[in-house]
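A quick write-up on the structure given underneath.
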Amino acid sequence: MKQIKHGSVCIHFLDFLLRFANEKGLDAKALILMARLDPHVFEDQDSRMPAVTFMKVWNHIADYCEDPHFGLHLGSHLTHFPFSHIVFSVMLNDRNLLSALKNMIRYHNLMSDLISPRLFVDDKTVVFSIEKQDDDIPEKRQYSEFIFAMVLTFLRYLNAGKTDPQIVRFSHGKPDDFSEQTNFFKSKIVFGDKKDEMVLQKSLLESKINLANPDISMVDIAFLLGFSEQSAFIHAFKIWTGQTPNGYRVSVAKQ
């Protein structure tokens, strides 16, 4: 198996992966020991880990699950667990899905630099694409499907499940059974393409995000994101954006 030469991943991704593993019956503490990680690493919200270590844990969990669609199923579980990364905090407070997606692209490196996401917008469509920063990323198919499933799951969460792509293109080959992909994406899927991209209807992404409603309290949003205290959420939000959540809401409303 090839190893990743470069790259790092925020500790939130590992936490999400371990929660998923725990749901599948794996011992999270044993996985941390196997990866030779300091358990206290989770106490630092800004902590990052080498991508090769993250993928070691990923591969161990994937082998245990024996799931040919591991990446897809992992990404679609995003909203099953509190996910407190500040990128999702910003997205929750944006005025519409398109603005949220743009901010996810803008702040993506805070989560991981394994891939480089891109967004192309025209009058009718929005194309979300990814470029792998390291050609030696193992399990390319699984990681690509994980990213697309994670992004689409969160967009659907923000829009009450009303966001389906027009077409999804993957550079990896067609699996023997791709019914899982068809059922999840609910759109035409092309395998063996030159690019990894997801085409969405622009009008759908211009829908208002319900959670951006000022009537929803900061306490509720902090809870949805997995913060145990509102003050911790506000502190983290201000560090990364330079504004308080309420201040950010006001600035977005004026745009």
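Each value in this text was obtained by applying a stated rule to the coordinates, not by laboratory testing. Since the structure is predicted, the reported quantities are computational estimates derived from the model, not experimental observations. Glycine also receives a Cβ, built like all others from the backbone with ideal geometry; neighbour counts cover every protein chain displayed.
For the reader, a short list of remarks on this structure follows.
- Length, then width, then depth: along the principal axes, the Cα atoms of segment 86-205 run 40, 28, 24 Å.
- In plain terms, the chain from PHE120 to ALA232 could stretch by 36.9 nm, reckoned as 0.36 nm per residue minus the Cα-Cα distance.
- Among the listed pairs LYS140/LYS162; LYS124/LYS162; LYS140/LYS238; LYS195/LYS238; LYS24/LYS132, those whose Cα-Cα separation exceeds 25 Å are LYS140/LYS162; LYS140/LYS238; LYS195/LYS238; LYS24/LYS132.
- Cα-projected label distance for THR182 with ASP38, points at 7 Å along beta-carbon direction, nm: 5.0
- For the pair ARG95 and LYS202, label points projected 7 Å from Cα toward Cβ lie 1.6 nm apart.
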